[in-house]
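The block underneath contains the structure these notes are about, expressed in structure tokens.
The values are calculated or read from the model by the stated rules, or taken from the named source; none is laboratory data. Only a predicted model underlies this, so the values are computations on that prediction, with no experimental measurement involved. Neighbour counts are summed over all protein chains in view; Cβ atoms, including those assigned to glycine, are modelled from backbone coordinates with ideal geometry.
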Amino acid sequence: MIGDNKGLRPQGKPFDSFLPLMGLTQLGMQGPIRWPLWLVYAFAVALPLATLLIRMGMDVAFGQRPLLILFLLPIILSAYGGGFGPGMVSTLVAAGSVNYFLIPPIHTFHITQAVDLEQWIILIVNGTFISVLSQALHRSWRRAETERLLQADTLASIGDAVINADLQGRITLLNPEAERLTGWTHQEAVGQPLAAVFRIVNELTREPEEDPASRILESGKMADLANHTVLLARDGRGIPIEESVAPVRRPDGTIVSRVLVFHNCSDKRKAQNALREREEHYRSLFDNMLNGLAYCKMLFEQDEPKDFTYLEVNSAFESLTGLKNVSGKKVSEVIPGLRESDPKLFEIYGRVALTGTPERFETYVEALGMWFSISVYSPQKEYFVAVFDVITERKRARWPWAT
């Protein structure tokens, strides 16, 4: 197809505004050959003239019959190479040269015989028809080229890596991000087995992972990669990735290839590992702290605390209170009558759960027969966390008469 001809032809609004009238634009002059615009028009003029010279050399064999059908070949070639404009130029040059040099009386533009006029008109009509059809073909080429460039630009600009492989598992495409992550260029990877370029292992065991693209042929459905997957780049680097693979289908549903889309998730994996380590750290603190801890949800009726549910407790809670397996249960089930015997406890817990203002206090829980030192705060409305220690022995040591 004809490429960018800037610098090879006049530029500016007057010239460019004329091109659409001839069916030509800067993008429109596209065909199967990338030639400058002036060269295509030069061929459109030269080809019918060369055909004229050949025809004039054939007088011995064919006498004075014009054989106008010969001039359709340069018209077809010109229209195929350049579209409507070059096709019409070739048609006009062919018609003029045939009229002047081949149709009697020669060396004039006067046509005396009706049959010659009929053939000459047919030549022009056929040339015009060929030029129009060729322009339609060029438009389809332009659309296909535009779609191809759009797809290429899309693949090049998206942040994810994309690999396409045929049904035999041979790579047909790598976009720039896939080149960067795998270490293979598109040219090197095309035709290679997918497993040779897209090498994945388990992050924890370093054992090779199953090729997810192979499952597509069996299920015909989109699939995601297993967790903890690492891509082994060509230079040996291990890159944590997240990936999905999907079939590419024809309109009739037939699978023609497989496309893998993946991205580097090193930062996400590091954040997940750091979060998991923090969770493990706090879980260790939670489970090994000497103070009892209870995370609860207060249950209200008309803004009055009526009951609360133990959501989670640590091991010290059980050892200090003697209460077992309380998570998920209401306090009215675990300690019946607590609200009636210790209304102050409910009042404080309810106030903290609603206002979010932490409080610290000491209280005697009659239902358990224990003194507690309690710090309570609210992580969100209607929820509270109570951190406590049993101080019964301290109370008795200071005040032997204390309950």
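Given the stretch 240-338, what helices (runs of 4 or more DSSP H) lie entirely inside it while holding 2 or more residues that are among the hydroxyl-bearing types (Ser, Thr, Tyr)?
266-288, 315-321
In the stretch 355-371, how many residues are on the phi < 0 side of the Ramachandran plot and in a loop (DSSP other than H, G, I, E, B)?
Within the stretch 355-371, the subset on the phi < 0 side of the Ramachandran plot is 355, 357-368, 370-371.
The next check asks that each one be in a loop (DSSP other than H, G, I, E, B); those that pass are 357-358, 366-368.
Matching residues across the stretch 355-371 total 5.
Among the residues of the stretch 269-284, is any within 30 Å of Gly183 (Cα to Cα) and either under 21 Å from the mean Cα position of the chain (by Cα) or modelled with pLDDT of 90 or more (or both)?
Looking for residues that are within 30 Å of Gly183 (Cα to Cα) and either under 21 Å from the mean Cα position of the chain (by Cα) or modelled with pLDDT of 90 or more (or both), one finds at least one in the stretch 269-284, hence yes.
Report, by residue number, each residue of the stretch 298-319 that is in contact with a Lys or Arg (Cβ under 8 Å, 6 or more places away or on another chain), surrounded by fewer than 20 Cβ atoms within 10 Å (Cβ to Cβ) and within 14 Å of Glu382 (Cβ to Cβ).
Within the stretch 298-319, Leu299, Phe300, Lys306, Asp307, Thr309, Leu311 qualify.
Among Ile348, Ile335, which is more than 30 Å from Ala178 (Cβ to Cβ) and in contact with a Phe, Trp or Tyr (Cβ under 8 Å, 6 or more places away or on another chain)?
Details: Ile335 fails: in contact with a Phe, Trp or Tyr (Cβ under 8 Å, 6 or more places away or on another chain).
The match here is Ile348.
Mind listing just one residue for me: the one in the stretch 85-144 that is within 49 Å of the chain's Cα centre (by Cα) and among the charged types (D, E, K, R) and, of those, farthest from Pro36 (Cα to Cα)?
So in the stretch 85-144, the residues within 49 Å of the chain's Cα centre (by Cα) come out as 85-91, 126-144.
Filter once more, so that each one left must be among the charged types (D, E, K, R): 139, 142-143.
Numbers: Arg139: 18, Arg142: 17, Arg143: 20 Å.
The extreme case among them is Arg143.
Exactly one condition in (1) closer than 26 Å to Arg396 by Cβ; (2) at pLDDT below 90 is false for Ile335; which is it?
(2)
State yes or no: is Glu366 out of contact with any strand residue (DSSP E or B) (no Cβ under 9 Å at 6 or more places or on another chain) and under 24 Å from Arg396 (Cα atoms)?
Judged against the criteria, Glu366 is a match.
For the stretch 152-171, give me each residue that is touching a residue at least 60 places away in the same chain (Cβ under 8 Å), of a type in the set (Gly, Ala, Ser) and farther than 15 Å from His263 by Cα. Outline the logic, then answer.
Looking only at the stretch 152-171, we keep the residues that are touching a residue at least 60 places away in the same chain (Cβ under 8 Å), and these are 159-167.
If we keep only those that are of a type in the set (Gly, Ala, Ser) as well, we get 159, 161, 165.
Residue satisfying the conditions is Ala165 alone.
So which residues in the stretch 179-208 are farther than 28 Å from Lys270 by Cβ and either in contact with a Pro (Cβ under 8 Å, 6 or more places away or on another chain) or among the charged types (D, E, K, R) (or both), if there are any at all?
Glu188, the sole residue that qualifies.
Please identify the pairs in which a residue from the stretch 245-272 that is among the small types (Gly, Ala, Ser) has its Cβ atom under 6 Å from the Cβ atom of a residue that is modelled with pLDDT under 85, counting only partners at least 6 apart or on another chain.
From residues that are among the small types (Gly, Ala, Ser), the pairs are Ala246/Met222; Ser257/Val248.
Please indicate, with yes or no, whether at least one residue in the stretch 148-160 is closer than 23 Å to Leu37 by Cβ and either at pLDDT below 90 or outside any helix (DSSP H, G or I) (or both).
yes
Mind listing whichever residues of the stretch 351-388 are crowded, with 16+ Cβ neighbours inside 10 Å and among the charged types (D, E, K, R)?
Listed by number, the list holds a single entry, Arg351.
Please name all residue pairs, on different chains or six or more residues apart, with Cβ atoms under 6 Å, provided the first residue is in the stretch 286-297 and is over 11 Å from Val376 (Cβ atoms) and the second residue is of a type in the set (Ser, Thr, Tyr) and in a strand (DSSP E or B).
From the stretch 286-297, the pairs are Lys297/Thr309; Lys297/Tyr383.
How many of the residues in the stretch 255-290 are within 22 Å of Phe317 (Cβ to Cβ) and among the acidic types (Asp, Glu)?
Of the residues in the stretch 255-290, 3 are within 22 Å of Phe317 (Cβ to Cβ) and among the acidic types (Asp, Glu).
Being over 20 Å from Leu204 (Cβ atoms) and among the basic types (Lys, Arg) is the filter; apply it to the stretch 232-290 and report the residue that is surrounded by the fewest Cβ atoms within 10 Å (Cβ to Cβ).
In this case the residue turns out to be Arg250.
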